[in-house]
1. Once the dipole of the chain is set up with Lys and Arg at +1 and Asp and Glu at -1 on Cβ about the Cα centre, which of 463, 415, 632 lies farthest towards its positive end?
2. Starting from the Cα of residue 754, step 7 Å along the direction of its Cβ; do the same at residue 348; then give the gap between the two resulting points in nm.
3. Using the eigenvalues of the Cα gyration tensor, what equivalent ellipsoid semi-axes result for region 274-329 when each is taken as the square root of five times the eigenvalue, whole Å, largest first?
4. Give me the log10 of I(q) over I(0) for region 469-602 at q = 0.12, 0.15, 0.16 Å⁻¹, as the Debye formula computes it from C-alpha points; what are the numbers?
5. Stretch residue 421-residue 261 to full length: gain in nm at 0.36 nm per residue minus the Cα-Cα span?
6. With every protein chain in place, what's the accessible area of residue 332 (1.4 Å probe, Å², nearest 10)?
7. List, in order, the whole-Hz ³J(HN,Hα) value for each residue of region 188-204 obtained from phi through the Karplus relation with A = 6.51, B = -1.76, C = 1.60 and θ = phi - 60°; use x for Gly and Pro.
8. With r as the distance between the Cβ atoms of residue 391 and residue 774 and R0 = 51 Å, compute the FRET efficiency 1/(1 + (r/R0)^6) and round to 0.05.
Amino acid sequence: MGAPPPTRAADRALARPRRRPLAALAALAALLAVGGTVAYDLDTPAPRPADAPADEFSAARAYRTVETIAARPHPAGSPANDQVRAHLEGVLRGLGLETTVQDAVAREAGQLSGAAAGSTLARVRNVVARLPGTDPTGKVFLVAHYDSVQSGPGGNDDAAGTSTILEVARALAAGPRPRNDVVFVLTDAEEACLCGASAFAADHPLAADGGVVLNLEARGSTGPVIMFETSRDNAKLVDVFGRAAPHPVGTSFAVEIYRALPNDTDFTAFLDRAGFVGLNSAYIDGGAVYHTPLDTPAAMDRASLQQHGDNALGLAREFGRADLKALDAGHDATYFPVPGGLARYPGWLVLPLAVAALLAVLALGWLARRRGRTTYGRLAAGFALGLAPIVVAPLGAQLLWAGVTAVRPGYAELLDPYRPTWYRLAVVALAAATLFTWYALTRRRVGPAALAIGGLGWLAVLGIALAVLVPGGAYLTTLPALAGAAAGLTALAVRIDGPWPVLATTLAGAVAVVILLPTVVLLFPALGMAMGGVAALFAVLLGLAALPVVDLLHPEAGGQRGLVAARARRAGALPAVAAGLAAAVFAGVGLAVDRFDAAHPVPTHLMYALDAGTGQARWLSHETDPQPWTAQFVGGAASVADFPGLGDTELRSGPAQAANLPAPKLEVIADSAAASGSGPVEQRTVRVRVTPQRPVRLLTLHVDGATEVESAVVAGRAIPGGRATGAPWGFGIVFHAPPPEGIEVTLVLAGGSRAAALRAMDASDGLDGVPGFRPRPADIGVVGSHSSEMLAVARTYPL
Ligand SMILES: [Zn+2]
C-alpha cells in the first residue's frame, strides 16, 4: 500500500485548514491568551495594608521592620549589626516567644579553596526564638540571615527574609498554637561564610534532632518568589509546597541549575547536616542592586515581600500541623508552575515519559510517511536541520550581549542591567528571527510536516538526555514533545483540511507555552543577560514545539513557480526580517533607556592594601577592564601573593600613598618544641594572640608556604592542618567579625625549631580618609562584592 508521493509543499503540513488566515488568527489568539495567563500567574500578589487582619501576612507591616533592619550596612561584628540584633530580640520577646542569642565561634563547612589548606571562621550571634507546639512530631525552622554585606544595607538581602519571619511569627503567635514546635532562626554572618547557620545546625540544642527548614532569601529587589532548592527525596515536601503555599512558583529544573551555580545560602549549612530537610525560596529579579549600596528598603518591591510572607505563613502553618516524621518520600518529584498551581509527578515517571515521548514522535514520523505527508529522506533532513536553530539562537544571544557590553563595558560588573526588559525582549526576538530564518530557508524543500516532526524529535531526544543527566529538567522537553506527537497523530487520523488538525496542534502549542514560557521568563533573572543564550535556547525549543502553528502563520504557501514563487519567497522572509529588526530595535532601546546615571551608577571595584611592615601601599581592583574612574587608581594586573588574605592571586594594581594605619598585633604567648611520637621529627607548638588595632570586619593569619601545619586551634575551635605549598604563603585562617580583644591561635608546626613566618592581615570597610582616595561622582557606583571598598593592612611576623 504505497502512499502517493506529496505533490505540493502545502500538502506536507500536518494541518491545512480551508480558511487558513482565520485558523492562523484563532491559533495565534489562543496561544497569546495562554501566554498571558501564564504571565499573570507568575505575577506577584498585591501587598496587603498595615490594617490587614491579624492572622494574615501584611507586607506593609513587614516593611516597617525592613526599614529598621536595613537603615545602614550591618555586616557581622559591626555596631550596626548589634543594633539590628537588639531590635530583633526585642520584637520576638514582645511576641511572648522564648528568645535567646546563640553566641559562638563557627567554622565554615569545607575548606579554603586553592592548594593551601585552611579554614574560614566567624564569631556569630544568632537570634533564636521558639513557639512551642501542642503535641510536636518535630520542628519547623524558619531561617533568614539578618546580617548584610559591608557594601550595602541589605534592604532585600536579607531584610526581606528577616522581616518576613518576624511578621509570620506575629501572625502565628496571634493564632492557635501549632502542633509542632516552630523555631525562628535569624542567623548572623551568612554573607561572610554561612557561619551563623553552620553554628546553629551543628551546635544549637534546638537543632539536635533536625527538622524542616524553610529558608527565605532575596537576590535582587523584585519578581516572583521562587522555591528554587530542596533537600533530596523532596516529593512530599513539594506536595506540601504545592498545597500550602498560596503562590507556588518553583520548578525541579531550578534545583538542578542552582546546583551548577557557585552560589550558597544558609540552606547549604543545614543540608550538610543529617536530619534536616526543607525548601529554599527567594525572589531574584532586579539583580543589579544585589550586594550594592542600592539594595535599600526603598528598592524593595513590596509585592515580592507579600508573596514571601503569604508562602512562608502558609507553609509554616501546614508544616506546623503535619506529621513531620512522614516527610521522606524516598524520591524526588518533577514539578513546575502552571496557571492556578503547581504541577507535580514522581521522579520515577521521568524516564518512562521521556521514552514514551520518543516512541510517540517515531510513530508520528512513520504515520506521516504512510499518509504521504513526507518521506523518510525528508524526515531525516528535518531532524538534521532542526539542530540549526537550537545551536544558532543561543550563540546569537551570546553574541548580541557581547556587542551590547562592548558598547557599555560597565555591564560586565553587573549581575543584570538595571532595566533588563528591553534586552530580554531582544533575545526573544533574536530567537524568533533565528527560527523564522531557518523555517523560510528549509520549509519549501523539506516540507512543514518533516520539519515539525524533526523539531519534536529534538525535543524528545533532549528529554531522554535530560532524564538521564538532569531528571528535574526533563519535563521541559518531554512534555511538549509528547503533546506535539499526540497532536500530530490526531491530525493525521482526520481530514487535513478540517478544524481538528488546527485544534490539536494549537493545543500542543499551548502545552509548550505553559511549560516553556515560565522557563524563559524565570531564566533571564536567574542567570543574567551574560547567559541570555540559555533563555534563547528554551525560546527556540518553544518555537520548535509550536512549529505547526508557526506554519499556519507563515506567509509562504509554497509550491508556486516563477514570479509567484519569487513573491512568495519575499513574503516568506517577512517574519524573519521583522523579528530580526525587532531584536535590533529592542537592543537599541535597551541601550538608550538603561544609561548609567546617579540613580543607576556604573559599578566600580576598589580596595586598598597597606603593608605596615614595609610601608608599601597599593590600590587593587577586581575589574578585568577597569572603568575610567577605577583606572585613576589601578593599571595592569599584578600578583597579590603578599596579601594572601585577599584570596586572589592576581588583581589590577596601582601604587598608593601609605596610610598611617596599624597592622594587627601578633604576640607569641607560648612556643615549645617537642619530639613527635617515637620519630626524630620535631614538632613545634606556637600559641599566638592576634589583635586588631582598629575596628575591622575580618582578620587573617597565614603561615609561610615552606611550613607544614599539622593542626590548629582557633578561638577554641580545632581545625585541620595543611601541607607546605611552596608559594610564599600557605595554610591560612580567615576570621570574620573578630572580637576587639583579638583571637588566640595555636599552631602545631612540623619541622621543629626551623624558622617560620606568619602574615597577619585585617580589613575594614570604606576608603574615605585614605590618602589619595577621591570620592566617586554621583554616577559612579560600587560593585556588589564582599571586597568592595575594603581597606586591608598586613604585616609579616617572624617566628
Ligand atoms: Zn547576600
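1. So the residue we want is 463.
2. Label-label distance for residue 754 and residue 348, simple model: 5.9 nm.
3. Semi-axes, largest first: 31, 14, 8 Å.
4. -0.68, -0.94, -1.01
5. Gain in length upon complete extension: 55.3 nm.
6. Its heavy atoms expose roughly 60 Å² to the probe.
7. Running phi through 6.51 cos²θ - 1.76 cosθ + 1.60 with θ = phi - 60° gives 10, 6, 5, 5, 6, 6, 6, 6, x, 5, 4, 4, 5, 4, 7, 10, 6 Hz.
8. Taking R0 as 51 Å, the efficiency between residue 774 and residue 391 is 0.60.
The values are calculated or read from the model by the stated rules, or taken from the named source; none is laboratory data. Owing to the predicted nature of the structure, the values given are computational and were not obtained by experimental measurement. As a convention, Cβ positions derive from the backbone with ideal geometry for all residues, glycine included, and neighbour counts pool all protein chains shown. With ligands, DNA and RNA removed, areas are computed over all heavy atoms of the protein, side chains included. Shrake-Rupley method; radii C 1.70, N 1.55, O 1.52, S 1.80 Å.
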